[in-house]
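Let me begin by presenting the structure, written as structure tokens, before commenting on it.
Just so you know, all these numbers are worked out from the coordinates, no wet-lab data involved. Being a predicted model, the structure only gives us computed values, none of them experimental. Here the Cβ positions follow ideal geometry from the backbone for every residue, glycine too, while neighbour counts run over all protein chains shown.
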Amino acid sequence: MDEKVVFADNCTSSLCHDAPTTSSPPKASDDPAAGLDLTANVESQVLGVTSSGGDECDGQLLVDPNDPEGSLFLEKLTAKTPRCGDRMPLGTPLKAPEIDCIRKWLVQITGGGNQDAGAGGSGGAPSDGGTE
């Protein structure tokens, strides 16, 4: 199982966090919930990015590169009562294997929470600070 399957099965299939659509005339439902499209380039939309969904979560870091376990993104999937907004997905919570999959993905995209501020990446060996 990988995170794309978890997102597709639980988050985008309900059209909540699906890709933006264009209707004529445009309507609010054309944009994904909280402006978060979980169909593509998810890492770039959550890693080091603040929430901008127009609710009490606004301004909170979705995934902190230095603290993936303490991220709002993971909290919204695991906490019965998150610090802001609703538990996701709405309705039926994720199963333990799905949450484990998302946890592993968060560790991977944050390098295990050991990234310098502003550094992106997909994990790997920590840098010794030297040049190659």
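Ordering 48-56, 98-106 by mean Cβ neighbour count within 10 Å, with the highest value first, yields 98-106, 48-56.
When peptides 38-47, 84-93 are sorted by average Cβ neighbour count within 10 Å, with the highest value leading, the order is 38-47, 84-93. Amide H to amide H, with H built 1.01 Å from N, Asp67 comes under 5 Å of no residue 5 or more places away or on another chain.
Remark on Leu61: its backbone amide H falls under 5 Å from those of Ser51, a criterion applied only to residues 5 or more positions apart or on other chains, H modelled at 1.01 Å from N.
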